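Remarks on the structure that follows.
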Amino acid sequence: MGVTGRTKIYAIFGYPVEHSFSPVMHNAAFAVMGLDCLYIPWAVKPEGFLVTLNALRRMENFGGGNVTIPHKERAAELCDELSEEAEALGAVNTLATAGGRLLGHNTDGKGFLHWLTQDVGFDPKGKKVLLLGAGGAARAVAFSLASARVAELVIANRTLGKAQALATGLQVKYQECQILALNLQIMSLVPVLTSADLVVNATSLGLRPADPLPAGCEHLSPMALVVDLIYNPQETIFLKKARARGCRTFNGLGMLLYQGALAFELWTRGKAPLEAMRKALHSFLDIPSPGGEQ
Ligand code: NDP
């Protein structure tokens, strides 16, 4: 479908933004639903974010959008209203509009959990989880896993204070879950690695080939499910080593898909065409089979 005078504009705001796969996924969804909508990447530097959001409030054909690095937290401060998730996380990944007001949502955690339970078939209830990282994505994953009633959640981060703050905030809300903060140091992680049912890398270690591993794979239980939220590269060295150890491994493409589907549903109030979105991502990445499993 071409652009018309009635086309509604959606966008992802980030800096940089050129690595984003969201335009591929959302334009495929709009096309298959026959919607006169266009989703574009919008590169905005931090100093331009406030003026951008103010302008969006005045744009009658702005339908909604996504927010990525480095704007997620600033967006939570600037939106007119926040969903419960966005409020709890202090971060917005999805913008919706209502009468010139900007509504901030966060679909990252729910997207992760939908994918984990529905596509992977992993029920977090009662499980032991090691979460590497305490940044925006880790916070979303941590809240979703605690809400799914994991038995034990260990949060390991380079900056221990951030892991401790996240653990403390979660413990108040989810008292039945045992939550512990650790430093991201290989030795302190060994006992956790050997007993974890699920290990999630939510650090940005692995984006570059020269990055060190976020944790030592030789201590992983081969029974563990290992997830790296990174999807580009499709298989980080961490995932490759975990797979060699015998673990089931997944990249972050499934989370990307489901957080996008939830955003689409907030914008259109209709069901997202999940398979069309998945197919668009896979054909863009030249992946033959569905699932994201390595
Ligand atoms: P943030 O910048 O908020 O967090 C980055 C995290 O990585 C922090 O825990 C940080 O630790 C850690 N980190 C960064 N560099 C190092 C290093 N050299 N050594 C040790 N730890 C390090 O980013 P996000 O949380 O938004 O993103 C994290 C990852 O998740 C990225 O790779 C991103 O691509 C991916 N992601 C995937 C999504 C998906 O849909 N699949 C959605 C969102 C993100 P510290 O606190 O000490 O700085």
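Order 149-158, 136-145 from most to least packed using the mean count of other Cβ atoms within 10 Å.
On the way: 149-158: 21.6, 136-145: 25.5.
Per-residue mean Cβ counts within 10 Å order the peptides as 136-145, 149-158.
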- Task: Compute the FRET efficiency between Arg158 and Thr194 as 1/(1 + (r/R0)^6), taking r as their Cβ-Cβ distance and R0 = 22 Å, and round to the nearest 0.05.
- Result: 0.55
- Item | Loop trypsin sites (Lys or Arg not before Pro), the stretch 206-294, which have at most 13 other Cβ atoms in a 10 Å radius of their Cβ (DSSP) | Arg269, Lys271
- Task: Return the long-range amide H neighbours of Val67 (sequence gap of 5 or more, or a different chain), with a cut-off of under 5 Å between placed amide H atoms.
- Result: Phe13, Thr94, Leu95
- Which ³J(HN,Hα) values in Hz, rounded to whole numbers, follow from the phi angles of the stretch 161-178 under the Karplus curve 6.51 cos²θ - 1.76 cosθ + 1.60, where θ = phi - 60° and Gly and Pro get x? x, 6, 5, 5, 5, 5, 4, 5, x, 6, 4, 4, 7, 10, 6, 6, 8, 8
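Show me the trypsin sites (Lys or Arg not before Pro) within the stretch 3-92 that DSSP assigns to loop and that have at most 10 other Cβ atoms within 10 Å of their Cβ. Before the final figure, lay out each step's value.
Numbers: sites: Arg6, Lys8, Arg57, Arg58, Lys72, Arg74; in loops: Arg6.
Sites meeting the loop and neighbour criteria: Arg6.
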- Mind listing the phi-derived Karplus ³J(HN,Hα) values for the stretch 108-116, rounded to whole Hz, using 6.51, -1.76 and 1.60 with θ = phi - 60°, and x for any glycine or proline? 4, x, 5, x, 4, 5, 4, 4, 4
- Query: Relative to the present Cα-Cα distance, how much length would full extension add between Ala210 and Glu84 at 0.36 nm per residue of separation?
  - Reply: 41.5 nm
- Message: Test of understanding: what is the full-extension gain from Arg243 to Ala151, defined as 0.36 nm times their sequence separation minus their Cα-Cα distance?
- Response: 30.6 nm
- Item | Sequence of Ile69, Ile40, Ile179 when ordered by accessible area, the most exposed leading, probe 1.4 angstrom | Ile69, Ile40, Ile179
- Residue-wise, which Karplus ³J(HN,Hα) couplings in Hz belong to the stretch 266-277, taking 6.51 cos²θ - 1.76 cosθ + 1.60, θ = phi - 60°, and x for glycine or proline? 5, 6, 9, 6, x, 6, 6, x, 4, 5, 5, 5
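With r defined as the distance between the Cβ atoms of Asn183 and Thr117 and R0 fixed at 25 Å, what FRET efficiency is calculated, to the nearest 0.05?
Rounded to the nearest 0.05, the efficiency is 0.25.
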- Task: Can you bin the stretch 110-237 into rounded, prolate or oblate? Criterion: square roots of the alpha carbon gyration tensor eigenvalues sorted a ≥ b ≥ c, rounded for a/c under 1.5, prolate for a/b above b/c, oblate for the rest.
- Result: rounded
- Note on the structure: Under a Gaussian network model of the chain whose springs join Cα atoms within less than 10 Å, the largest fluctuation of Val172, Val32, Val129 belongs to Val172
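Is the C-alpha gyration tensor of the stretch 43-104 telling us rounded, prolate or oblate? Criteria: a/c under 1.5 is rounded; beyond that, a/b larger than b/c is prolate, otherwise oblate. Mind dumping the intermediate values first?
Details: a/c = 1.86, a/b = 1.12, b/c = 1.66.
Oblate.
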- Roughly what angle does helix 22-32 make with the longest principal axis of the chain, taking Cα atoms, 0 to 90 degrees, to the nearest 10? 60
- Task: Could you pull out which residues in the stretch 1-30 have an amide N less than 16 Å from a spot 7 Å beyond the Cα of Lys279, following the Cα-Cβ vector?
- Result: 1, 24-30
- Item | Value of [θ]222 nm, deg cm²/dmol, for the chain, DSSP H segments ≥ 4, -39500 (n - 2.57) each, nearest 500 | -11500 deg cm²/dmol
- Query: On a 0 to 90 degree scale, rounded to 10, what angle separates helix 49-58 from the longest Cα axis of the chain?
  - Reply: 40
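The values are calculated or read from the model by the stated rules, or taken from the named source; none is laboratory data. Only a predicted model underlies this, so the values are computations on that prediction, with no experimental measurement involved. Counting neighbours? That spans all protein chains shown, and the Cβs are built from the backbone with ideal geometry, glycine included. The accessibility values were calculated without ligands, DNA or RNA, using every heavy atom of the protein model including side chains. Shrake-Rupley method; radii C 1.70, N 1.55, O 1.52, S 1.80 Å.
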